Amino acid sequence: MPARLLIEGGVPLKGKVAVSAAKNAALPALAASLLTAEPLTLPKQIGGGGGTSFVPVFDWITAAELGPDLMLYFTDAEGYFPATAPDYPVIWLVKGRGKVPWGERIQLN
């Protein structure tokens, strides 16, 4: 059976996140804010925009011996991809003109 992540909480999230070239840098901080019971203050600005390495996510899934039914990746597809496709389907939801080497690419407008 594939692993599942269930996030439960009793505090509604509120606020704004400016989506820019640093959106990929902001995602881990936002996910961490959902998973902690401790007070958390996010920085007012998160830097990024230097190109994404997609490799660590796929390496982590392999190392954790997970077998997802599907991976959905929101991205501009500007970065470094693993050399080979994984054994599970990957759908790239792409904002921009970046190409993907494997998987299904869906253009976001």
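Sort Arg105, Arg97 so the one with the fewest other Cβ atoms within 10 Å of its own Cβ comes first.
Numbers: Arg105 16, Arg97 9.
If I rank by nearby Cβ atoms, fewest first, I get Arg97, Arg105.
As a footprinting exposure proxy, order Tyr73, Tyr80 by other Cβ within 10 Å, with the fewest listed first. Intermediate results must be reported in sequence, preceding the final value.
On the way: Tyr73 16, Tyr80 11.
Least crowded to most crowded, the residues run Tyr80, Tyr73.
Fewest Cβ neighbours within 10 Å first, please rank Trp92, Trp60 accordingly. Write down the numbers at each step before the final one.
Working: Trp92 23, Trp60 10.
Fewest to most other Cβ atoms nearby, the residues stand as Trp60, Trp92.
Every number here is computed from the coordinates shown, using simple stated rules; none is lab data. These numbers were taken from a predicted model, which means no experiment stands behind them. Don't worry about glycine lacking a Cβ; one is built from the backbone with ideal geometry, like all the others, and counts go over all protein chains shown.
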